[in-house]
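S.K.: Shown below is the structure under consideration.
The values are calculated or read from the model by the stated rules, or taken from the named source; none is laboratory data. Every value quoted in this text rests on a predicted model; they were computed, and no experiment measured them. Ideal geometry is used to build each Cβ from the backbone, glycine not excepted, and the neighbour counts take in all protein chains shown.
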Amino acid sequence: MIRIITLVALTALAAPAFAQTAAPVLKRHVVVSSKFVHIGDFIDNAGAAAEIAIFRAPDLGETGPVAARRVVDAIRAHTLIDIDTDDISDVKVTRASRAITALEIRAAVLRALGDQHGIDGKTLLATYDNEPRTLHLEPDATGPLKVTRIVHDLRGGRFDITFDLPGSSVARSAPLRLTGMAVETMELPVLARTMSRGEVISAADIVIERRAKSEAGGDVATTADDIIGKAVKRSIRPGQAVHQVDLMRPELVRRNDNVTMVYQTAGMVLTVRGKALASGAEGDVIDVTNIQSKRTIQATVIGPGRVSIATITPRAPAAALASNNRSGPVLARAE
């Protein structure tokens with residue numbers, strides 16, 4: 001949060017008048033690394049007065065504005081006059097810091113938890129009781145975050161971890177402590193769109209996501225090859241893990257579809273039109289009605305809209321098939 005810089009009475013630091021060799025010029029933007037802002041931070045050509053502190057700096061990593069007239073008034077107390085303000089109304093003051101981002105903190109947590117259990121921390125999924133925020137430390141605190149305390153139940157997932165950064169008074173006075181849940185994950189194929197019963201899954205319908213291992217029951221598909229080319233038995237929403245029980249072979253014939261009935265024997269292939277009385281995938285045996293004879297027989301699904309009759313087995317004692325198909329050979333009557 002940006003806050004106004006507080007003017008600090010530092011009259012004890014006042015010094016005798018200083019000789020000026022060049023016109024002092026007010027700066028528009030000041031970056032400081034200490035707790036105080038000095039005259040030399042605000043003014044070019046401040047001479048011997050440059051080391052006099054007149055304002056308290058913002059918190060680490062923050063920027064605050066101070067009115068130019070207040071800067072000039074504070075400096076005049078130290079006999080530095082005729083300051084060229086160049087019509088500047090406010091001077092922005094930034095406190096330099098080393099910023100450790102929330103992303104870096106999350107990565108450090110996963111690394112530490114993974115090291116504790118001898119696993120790759122990238123396989124862990126962490127959620128936090130309070131989300132990490134960017135941490136601002138002194139600019140010269142350049143070392144890595146160091147774990148000072150860690151507790152993690154890999155089965156239950158609960159973790160409690162505290163970091164320090166050697167050389168940082170900020171980290172020493174307020175150690176970084178994070179708590180939450182971290183569970184092992186694995187890559188699973190999930191659907192990228194809603195799919196309805198009977199739709200066949202293609203590679204374009206799948207995305208690979210990391211999910212908690214607890215989601216991966218015994219029948220969950222763990223690779224894309226497990227589900228590509230298969231059809232869904234029920235409607236499945238995007239992002240859902242796919243269970244084997246949700247899958248079936250693609251239906252090549254559907255109930256009430258018109259199909260081609262094929263009978264192959266010694267050098268001859270006979271066909272006739274039929275109507276499927278049930279749905280079926282490749283290899284399924286379903287009941288089919290011969291449209292011309294109105295007889296029902298069993299046939300094996302061999303392709304989209306095609307069924308094969310290996311042996312002519314009437315479903316009724318009457319003839320199984322008859323045809324007046326004018327377009328080519330037909331199935332003979334079977335007694």
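S.K.: Of all residues in region 108-120 being without any contact (Cβ under 8 Å) to a residue 12 or more places away in the chain and part of a helix (DSSP H, G or I), which is farthest from the chain's Cα centre (by Cα)?
M.R.: Here is the first cut: in region 108-120, the residues without any contact (Cβ under 8 Å) to a residue 12 or more places away in the chain are 111, 114-115, 118, 120.
Still in the running and part of a helix (DSSP H, G or I): 111, 114-115.
Values: Arg111: 18, Gly114: 20, Asp115: 23 Å.
So the residue we want is Asp115.
S.K.: Let me ask another. Among (1) at pLDDT below 90; (2) under 30 Å from Ala112 (Cβ atoms), there is one condition Val207 misses while meeting the rest; what is its number?
M.R.: So the condition that Val207 fails would be (1).
S.K.: While we're here: Does region 218-228 contain any residue that is surrounded by 13 or more Cβ atoms within 10 Å (Cβ to Cβ) and either basic (Lys, Arg) or assigned by TED's automatic domain parsing to the domain that holds Asn130 (or both)?
M.R.: Among the residues of region 218-228, not one is surrounded by 13 or more Cβ atoms within 10 Å (Cβ to Cβ) and either basic (Lys, Arg) or assigned by TED's automatic domain parsing to the domain that holds Asn130 (or both), which makes the answer no.
S.K.: Quick check on my filter: what residues within region 78-94 are over 24 Å from Ala48 (Cβ atoms), in a loop (DSSP other than H, G, I, E, B) and in contact (Cβ under 8 Å) with a residue 24 or more places away in the chain? Step through it out loud before you land on a result.
M.R.: Within region 78-94, the subset over 24 Å from Ala48 (Cβ atoms) is 87, 89-90, 92, 94.
Still in the running and in a loop (DSSP other than H, G, I, E, B): 87, 89.
Scanning region 78-94 gives no hits.
S.K.: Name the residue that is surrounded by the most Cβ atoms within 10 Å (Cβ to Cβ), counting only residues in region 162-176 that are in a helix (DSSP H, G or I) and touching a residue at least 12 places away in the same chain (Cβ under 8 Å).
M.R.: Residues of region 162-176 that are in a helix (DSSP H, G or I), as a first pass: 169-173.
Next cut, touching a residue at least 12 places away in the same chain (Cβ under 8 Å) only: 169-171.
On the way: Ser169: 11, Val170: 18, Ala171: 22.
Step by step, filter region 162-176, then rank; the result is Ala171.
S.K.: OK, next. Would you kindly identify the strands (runs of 3 or more DSSP E) lying entirely within region 121-161 that contain at least 1 residues that are within 22 Å of Arg172 (Cα to Cα) and in the same structural domain as Ser214 (by TED's automatic domain parsing)?
M.R.: Details: elements: 124-128, 135-137, 146-152.
Correct list: empty, since no element meets the threshold.
S.K.: Is it the case that region 201-211 has a residue that's small (Gly, Ala, Ser) and surrounded by 13 or more Cβ atoms within 10 Å (Cβ to Cβ)? Outline the logic, then answer.
M.R.: We begin by selecting, within region 201-211, every residue small (Gly, Ala, Ser); these are 202-204.
Retained after the next criterion (residues that are surrounded by 13 or more Cβ atoms within 10 Å (Cβ to Cβ)): none.
Scanning region 201-211, I find no residue that is small (Gly, Ala, Ser) and surrounded by 13 or more Cβ atoms within 10 Å (Cβ to Cβ), so the answer is no.
S.K.: Also, quick follow-up: Within region 34-66, restricting attention to residues that are in contact with an Asp or Glu (Cβ under 8 Å, 6 or more places away or on another chain) and in contact (Cβ under 8 Å) with a residue 24 or more places away in the chain, which residue is nearest to Ala141 (Cα to Cα)?
M.R.: Leu60
S.K.: Just to be sure before I move on: is Thr123 hydroxyl-bearing (Ser, Thr, Tyr) and within 30 Å of Ile161 (Cα to Cα) in the structure I sent?
M.R.: Working: hydroxyl-bearing (Ser, Thr, Tyr): yes; within 30 Å of Ile161 (Cα to Cα): yes.
Against the criterion (hydroxyl-bearing (Ser, Thr, Tyr) and within 30 Å of Ile161 (Cα to Cα)), Thr123 qualifies.
S.K.: All but one of (1) among the β-branched types (Val, Ile, Thr); (2) surrounded by 13 or more Cβ atoms within 10 Å (Cβ to Cβ); (3) not assigned by TED's automatic domain parsing to the domain that holds Ala278 hold for Thr260, so report the exception by its number.
M.R.: (3)
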